[in-house]
Amino acid sequence: MCRHLAYLGRPRSIAELMLEPEFGLLRQSYAPRDMRGGGTVNADGFGVGWYPPGAESGPARYRHDQPLWTDSSFRALAAATESGAVLAAVRSATVGMPVVSTACAPFTDGHWLFSHNGMVTGWPHSIAELAGQLPVTDLVTLDAPTDSALLWALARDRLARGLSPERVLAGLVTEVAETARGSRLNLLLTDGVRIYATAWSHALSYRATAGSLVIASEPYDELPGWVPVPDGHLVVGGEGEAHSMPISGAAGPGPAHEHLDAIADSRGA
Ligand code: GLN
């Protein structure tokens, strides 16, 4: 299972966040500490999205389908690039899914960055009905034929239709877990100002310190302050603060798509 991380705070270099920490994403790409039975290494590519200071145009992104430790060009880029809002991931492709750069998180649209750590069991049949809610054009333009790219298309569609990020992630996890039992659904989303993340059958921790927040699959150092997120919880936060809540409560009543229909009706759509 992949490993991911999101950071908000004072501008830091991407190398400082991904490559330098003792147990950071670089180390997690070949020696993760808490994979919970879901694979061994994360060597099927990696990606990072960041918000260039002062840029109104949304995040920049770099993705590659090779192991993080082999990309020597990335080292220089990561050392020279600073941002106060970053989302990064290393990938372990689920069996049957392609190893291509476009399958690597983060997925993006507008000001959003998104990552999925886990797998949808019974893919693709188990999730075909949910996928059928999407416009055909979204389905034929997925970044890659993977569960994660489809989860992003579903989340993006719901965000665009006005649902809150909390409800989008909680609703999606609830619905996918219902139709594809046994799925692992750690989702991570940011707009560069807030971070939203779910823990569903996989490891997740956060650390909020004065002026910063990190949410990550695994703590990247052994300093104090890391808080493990209980399974089945959603964690939401900004610089210096975060709180978690049960996904069952955050999903709200009924499937999210019923709520979306209600929004569409009230807009006269
Ligand atoms: N199932 C997704 C993929 O193959 C995510 C992989 C993971 O978390 N290991 O891309």
Karplus (6.51, -1.76, 1.60) ³J(HN,Hα), θ = phi - 60°, over the stretch 182-187, in Hz, Gly and Pro reported as x
x, 5, 10, 9, 8, 9
Counting only protein heavy atoms and a 1.4 Å probe, tell me what percentage of the chain's accessible area is made up of carbon and sulfur.
54 percent
In Å, the Kirkwood estimate of hydrodynamic radius for the chain over Cα pairs equals 18.3 Å
Of the residues A170, P230, P246, the Cα lying farthest along the dipole of the chain towards its positive end, which is defined by charges on the beta carbon of Lys, Arg, Asp and Glu, belongs to P230
How long is the stretch 1-107 along each principal axis, judged by its Cα atoms, biggest number first, in Å?
40, 28, 24
List the residues whose amide H sits under 5 Å from the amide H of L204, counting only those 5 or more places along or on another chain, with H placed 1.01 Å from N in the peptide plane.
V229
Positive-pole candidate from M119, V86, P106, dipole of the stretch 54-128, charges at beta carbon
M119
Compare R61, R75, R184 by solvent-accessible area with a 1.4 Å probe and give them largest first, with all protein chains kept in place.
R75, R61, R184
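For the chain, what does the helix formula give at 222 nm: sum of -39500 (n - 2.57) over DSSP H segments with n ≥ 4, over the residue count, nearest 500 deg cm²/dmol? Please list the in-between numbers first.
Working: 9 runs with 73 residues, N = 269.
Result for the chain: -7500 deg cm²/dmol, rounded to the nearest 500.
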Proximal charge balance of D44 [Cβ under 15 Å; K/R count +1, D/E count -1]
-1
Can you work out D for the stretch 67-130 in µm² s⁻¹ from Stokes-Einstein, where Rh is the Kirkwood radius over C-alpha pairs, the temperature is 20 °C and the viscosity is 1.002 mPa s?
149 µm²/s
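Taking the Cα centre of the stretch 15-135 as origin, work out the dipole magnitude from +1 charges on Lys and Arg Cβ and -1 charges on Asp and Glu Cβ, in debye rounded to 20.
Details: 7 positive and 11 negative charges, 48 e Å.
Dipole size: approximately 240 debye.
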Counting only heavy atoms of protein chains, what accessible area per residue, in Å², does the chain have with a probe of 1.4 Å?
40 Å²
Determine Rg/Rh for the stretch 32-160; Rg is computed over alpha-carbon atoms and Rh is the Kirkwood hydrodynamic estimate from the same atoms.
0.98
With no solvent and one point per C-alpha, what does the Debye sum give as log10 I(q)/I(0) for the stretch 143-203 at q = 0.15 Å⁻¹?
-0.43
Taking 4 °C and 1.567 mPa s as the conditions, I'd like the Stokes-Einstein D for the stretch 83-231 in µm²/s, using the Kirkwood hydrodynamic radius from alpha carbon pairs.
82 µm²/s
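The values are calculated or read from the model by the stated rules, or taken from the named source; none is laboratory data. All figures in this text were calculated on a predicted structure; none of them were measured in a lab. Note that each Cβ is placed from the backbone with ideal geometry, even for glycine, and that neighbours are counted across all protein chains shown. Remember, those area values only see protein heavy atoms, side chains included, never the ligands or the DNA or RNA. Shrake-Rupley method; radii C 1.70, N 1.55, O 1.52, S 1.80 Å.
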